[in-house]
Every structure is written in C-alpha cells, then in structure tokens.
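For reference, the structure discussed in these notes is given below.
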Amino acid sequence: MSEMRSDGELLRAVTADGDRRAFEELYRRYAPWLTARMRTRCADAALVDDVVQETFLAVWRGTARWREDVAGADAAGWLWRIASRRLVDALRGAGARGRLRQALARLRHRDEVSAEERVLAGVEHGDLAGALVRLSPELRAVLQATVVDGLTTREAAVLLGIPPGTVKTRAMRARRQLREALA
C-alpha cells in the first residue's frame with residue numbers, strides 16, 4: 001500500500017502534471033467536506049452540487065491556480081475560497097434572472113389587473129405595498145436581498161456591490177421609513 005500524499009503533493013501533481021489519480025484523491029478527500037460546508041451557506045442542494053463541481057473543474061482545468069507560496073499548505077482554505085466565490089457568482093446570476101422574470105411577469109400581467117383586484121389587494125395588504133413602492137430602489141434592493149432572499153449582510157453586500165456597513169445602514173433606514181409610513 002502506498003503512503004498517503006499530502007494536500008500540497010496532490011495539488012502539485014494535479015496542476016503541474018495533470019495527474020488524474022491525484023485529482024481523484026483530492027476530490028474524495030475534500031468534495032464531501034466542501035459540499036457540507038457550502039450547504040450551510042445555501043439551502044439549494046442542486047446549486048451547491050453545481051458549485052462544488054465547478055470548483056473541482058476549475059482545479060482540474062487549471063483556471064484556479066494553486067501557488068503554495070501564496071496559498072500556503074492550506075488546500076481546504078484554497079478550495080473554500082474558490083467555491084465561495086463561485087457560490088456568490090451563482091447567487092448573483094440567479095438573482096438577476098429572478099428579477100428579470102419578475103419584471104417580465106409584471107409587464108405581461110400589467111393590463112390584466114381589474115379595479116376590483118386592486119381594491120381587494122389594498123384591503124388585503126394595507127399600506128405595506130404602497131410603503132414598499134415609495135422606498136428608494138437602493139433601500140428596496142437591500143430589503144429584497146436580506147429579507148426576501150434571506151442573505152446575510154455580507155452576502156447582500158457582495159450581491160449588491162456595496163460595503164456591509166452600507167447594507168446595514170440602508171436596512172435600518174428602510175425599516176424606519178416603513179414604520180413611519182405604516183404608523
């Protein structure tokens with residue numbers, strides 16, 4: 001039986017030589033761990049599986065470059081960074097597609113809403129819908145990311161391309177404006 005290779009040896013064999021056995025060993029060693037850790041960040045199991053596969057494909061294809069002098073000997077941390085970036089990219093793409101679908105649905109159904117439906121919606125939802133519409137797009141985007149999509153402040157910051165402190169400030173401002181509008 002051969003001696004178990006270190007993570008650094010495996011990564012050097014994969015990245016420098018395209019060693020398939022080293023890649024398979026690296027995958028067996030880290031894919032279950034990476035999948036479990038990603039699932040704490042995202043409830044969509046299919047998306048997590050795709051992200052893990054994309055992470056290892058990047059390693060195999062060499063698009064993710066292992067540099068031991070930069071990354072140190074921490075293969076797990078290096079794989080985690082690749083996967084977390086890919087997850088954010090996937091969430092951004094899903095968010096953009098979802099917003100596009102919602103916009104198209106609103107356009108498609110714009111002429112179909114009757115006066116009766118509007119009155120019923122106003123009774124059903126009170127002033128909340130109106131208060132939400134009166135929020136600035138920046139504040140609505142923060143509420144969408146943190147409340148509706150359930151992202152953390154840090155994830156919302158990445159998604160929206162703003163600092164985490166700005167996410168917190170905008171969320172606080174949005175809540176205050178909603179309270180005032182509904183009081």
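If R0 equals 30 Å, the separation of the Cβ atoms of D89 and R173 corresponds to a calculated FRET efficiency of about 0.60.
With the simple spin-label model, which puts each label point 7 Å out from Cα in the Cβ direction, the A76 to L57 separation comes to 2.7 nm. Solvent-accessible area of S84, all protein chains in place: 30 Å² (probe radius 1.4 Å, heavy atoms, ligands and nucleic acids excluded).
The values are calculated or read from the model by the stated rules, or taken from the named source; none is laboratory data. Note that the coordinates shown come from a computational prediction; the quantities given were computed from them, not determined experimentally. Note that we place each Cβ from the backbone using ideal geometry, even for glycine, and neighbour counts take in every protein chain shown. Calculation scope for accessible area: heavy atoms of the full protein, side chains included, ligands and nucleic acids excluded. Shrake-Rupley method; radii C 1.70, N 1.55, O 1.52, S 1.80 Å.
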